[in-house]
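Before any comments, here is the structure.
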């Protein structure tokens with residue numbers, strides 16, 4: 001079959017060459033006489049037939065390919081398990097924890113208080129960065145609001161490395177982080193920061209500090225400061241509270257755990273107390289002017305960090 005096809009191809013090439021010659025001839029009679037022979041189709045015999053036996057089957061080929069496929073899949077699964085087991089034994093290098101305030105500020109974030117979570121007796125500043133204890137109803141009903149405890153959560157969910165600072169004043173405040181699912185109703189442990197497994201809290205008062213989680217209190221010693229720095233490395237499972245004085249950072253308490261959800265900064269404010277100012281002379285009369293010493297927290301405005309990962313929801 002191949003030899004016959006090659007002969008026909010050679011004959012067609014010869015005729016093509018003759019046609020090229022005729023295209024330049026000036027003898028029209030010779031052209032017409034020769035053209036009819038050149039253009040006649042070549043005579044070719046019947047091509048040999050290829051006969052396929054009906055018993056011929058590709059079943060053996062299919063079986064071989066199927067077996068090969070199974071072998072490749074098994075080898076891939078085995079290799080994947082080996083790789084997974086090897087990766088579990090690898091110790092990943094963790095980024096070193098900051099030591100100076102300048103290093104902490106690399107992870108600074110700017111959390112803002114969520115008015116939909118604030119108790120009725122907490123007054124928030126216009127920019128939602130200051131919370132003050134009051135006795136006046138402030139807000140309409142909202143399902144996210146703490147209805148019995150003087151608590152408030154921030155809007156931002158923290159998932160990476162974050163640092164923020166809080167100024168506080170008064171008889172006592174809780175500086176906390178919490179999962180969003182903490183209860184908002186009633187005064188039970190499931191609603192109070194630090195009294196359940198959904199929140200971690202540092203209580204600050206003029207007499208000292210203590211840490212709370214799952215209703216377990218841990219005594220904390222350290223220098224008194226009205227500014228508390230909070231450093232969270234969500235991925236590493238660390239939460240640290242610092243006493244901040246100018247550029248001095250003193251570790252108060254550090255938590256090592258596993259966080260399973262994003263965390264929200266939160267605060268509880270104990271209450272207000274009355275103080276008395278010095279007498280003030282107005283004309284010939286002296287007045288004792290009562291001054292309200294307010295309990296409040298202020299979220300410090302820090303330079304934006306480069307590695308914090310807050311997600312506002």
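Give me the extension gain from residue 218 to residue 247: residue separation times 0.36 nm, minus the current Cα-Cα distance, reported in nm with one decimal.
Result: 7.8 nm gained on full extension.
Let me know the shape class of region 158-204, please: from the alpha-carbon gyration tensor, a ≥ b ≥ c as square roots of the eigenvalues, rounded when a/c is under 1.5, otherwise prolate if a/b is greater than b/c, or oblate.
It comes out oblate by the Cα gyration axes.
Tell me the label-point distance for the pair residue 189, residue 261, using the 7 Å Cα-to-Cβ offset, in nm and rounded to one decimal.
1.8
For labels at residue 95 and residue 144 in the simple 7 Å Cα→Cβ model, what's the distance in nm?
With each label point 7 Å from Cα toward Cβ, the separation is 2.7 nm.
So between residue 24 and residue 197, what do we pick up on full extension, going 0.36 nm a residue minus the alpha carbon distance? Each step should come with its number before you reach the end.
Values: separation 173, 0.36 × 173 = 62.28 nm, distance 10.09 nm.
Length gained between residue 24 and residue 197: 52.2 nm.
With a/c under 1.5 counting as rounded, go ahead and sort region 178-265 into rounded, prolate or oblate using the C-alpha gyration tensor (a ≥ b ≥ c being the square roots of the eigenvalues; past the cut-off, prolate if a/b is larger than b/c, else oblate).
Oblate.
Run the simple label-point estimate for residue 64 and residue 7 please: 7 Å along Cα→C-beta, distance reported in nm.
3.6
The numbers here are math on the coordinates, done by the rules we state, and not lab data. Values in this document were obtained by computation on a predicted structure and should not be read as measured data. Neighbour counts are summed over all protein chains in view; Cβ atoms, including those assigned to glycine, are modelled from backbone coordinates with ideal geometry.
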